[in-house]
Amino acid sequence: MPQQGLIATALALALAAAGGTASADFRDSLLKPDTIVVGTTGSAPPFSMIGDDGKLAGFDIAVMEKVAADLGVKVEFRQLDWSGLLPGLVADRFDVVSSGVTRTADRLASDDLIMLSPYIVNGVAVTKLAANDAIESWEDVCGKTVGVIRGSAEIGLIEASLPADCLGTVKEYPGWTELSLDLKNRRIDWIGMDFLGPNYLAATDDAITVLPEIRSPKTQSVAVSPNDPELAAAIDPLLAQYREDGTLNALVEEYFGQPVDFSQMPADPS
């Protein structure tokens, strides 16, 4: 049976288990005994960031700490730029990547990772300087220089939502700090990212604003190593439980300041 077939079977069996109870078999494939090793950026607030105490914090950190506690194991976070996270998962450096991973068609079909069911609903948006009157809508970004996270899925979603030949020069950055600095120094005209993360940051930074129109609705979640199908089958029913019992929305409100509607999730891309 192909790898994806085995993974689908494992996930289906886990989801069918009463109350989402997971087999202990997932422990056998972990990189470290009784520990889920998680790759994350620490540079995409509030998904993954460095707190005032110098430690990793954010939505992704809280989700994986909750998952590990419910599975009865420890969690260890390893920080890396976004562009290295999914290759690191393929290279077996992590059991899991939890850093706002967009559930794209390619990732859902990939043999190199296992994308789990959604843990948040989001979309792409235009982030700009509040003083920049030249950009007031999506229609105004054509031909202008956009900054994006290196290796992120957003640029594809943005390009697909714009008219042909609209997209201007694209500059890539390792994280939000570098993006926002170049925006404020006017080296780029706008930032092409998701809506929730920049909107959270704009609430405490009067220099930037996020336009309210959200395009390309998407879901994000956790990516699991293809070597850990049992781990995927253990985590996924927990995410389903968290969507249903309000756990995820409580964390979304805590870190993003607003809830999401899981009953309005867009269909998986294909």
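Okay, here's what the table says:
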read-out: Test: residue in region 161-170 that is surrounded by fewer than 23 Cβ atoms within 10 Å (Cβ to Cβ), in contact with a strand residue (DSSP E or B) (Cβ under 9 Å, 6 or more places away or on another chain) and of a type in the set (Asp, Glu); value: no
read-out: Qualifying positions in region 175-202 - part of a loop (DSSP other than H, G, I, E, B) and either aromatic (Phe, Trp, Tyr) or surrounded by fewer than 17 Cβ atoms within 10 Å (Cβ to Cβ) (or both); value: Asn185, Arg186, Arg187, Phe195
read-out: Residue in region 133-147 that is part of a strand (DSSP E or B) and under 24 Å from Val75 (Cβ atoms) present; value: no
read-out: Test: residue in region 115-135 that is among the charged types (D, E, K, R) and not assigned by TED's automatic domain parsing to the domain that holds Leu80; value: yes
read-out: Selected residue (criterion: farthest from Val146 (Cα to Cα)) from residues of region 184-219 that are acidic (Asp, Glu) and under 22 Å from the mean Cα position of the chain (by Cα); value: Glu213
read-out: Yes/no for Val222 being β-branched (Val, Ile, Thr) and touching a helix residue (DSSP H, G or I) at 6+ places or on another chain (Cβ under 6 Å); value: no
read-out: First in region 166-185 and more than 18 Å from Leu129 (Cβ to Cβ), second anywhere and among the acidic types (Asp, Glu) and assigned to a helix (DSSP H, G or I), Cβ under 7 Å, 6 or more apart; value: Leu167/Glu159
read-out: Qualifying residue in region 105-126 (condition: under 29 Å from Thr35 (Cα atoms), part of a helix (DSSP H, G or I), free of Cβ contacts under 8 Å to residues at least 60 places away in the same chain and of a type outside the set (Val, Ile, Thr)); value: yes
read-out: Residue list for region 34-44, filter: outside any strand (DSSP E or B) and at pLDDT 95 or above; value: Asp34, Thr41, Gly42
read-out: Cβ pairs under 8 Å, 6+ apart, first in region 200-229 and acidic (Asp, Glu), second in a loop (DSSP other than H, G, I, E, B); value: Asp206/Ala130; Glu213/Ser137; Asp228/Leu30; Asp228/Asp95
read-out: Some residue of region 203-217 being in a loop (DSSP other than H, G, I, E, B), modelled with pLDDT under 95 and under 30 Å from Val37 (Cβ atoms); value: no
read-out: Matching residues, region 249-268, being touching a residue at least 24 places away in the same chain (Cβ under 8 Å) and acidic (Asp, Glu); value: Glu254, Asp261, Asp268
read-out: Contacts under 6 angstrom Cβ, first residue in region 88-104 being under 15 Å from Lys32 (Cα atoms), partner of a type in the set (D, E, K, R) and in a loop (DSSP other than H, G, I, E, B), 6 or more apart; value: Asp95/Asp228
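A quick yes/no check of all residues on (1) in a loop (DSSP other than H, G, I, E, B); (2) touching a residue at least 60 places away in the same chain (Cβ under 8 Å); (3) in contact with a His (Cβ under 6 Å, 6 or more places away or on another chain); (4) surrounded by 15 or more Cβ atoms within 10 Å (Cβ to Cβ):
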{"residue": "Asp53", "(1), (2), (3), (4)": "yes, no, no, no"}
{"residue": "Ala62", "(1), (2), (3), (4)": "no, yes, no, yes"}
{"residue": "Lys66", "(1), (2), (3), (4)": "no, yes, no, yes"}
{"residue": "Val75", "(1), (2), (3), (4)": "no, no, no, yes"}
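The values are calculated or read from the model by the stated rules, or taken from the named source; none is laboratory data. Note that the structure is a prediction, hence the values are computed from the model and not measured. Every residue, glycine among them, receives a Cβ derived from its backbone with ideal geometry; neighbour counts consider all protein chains shown.
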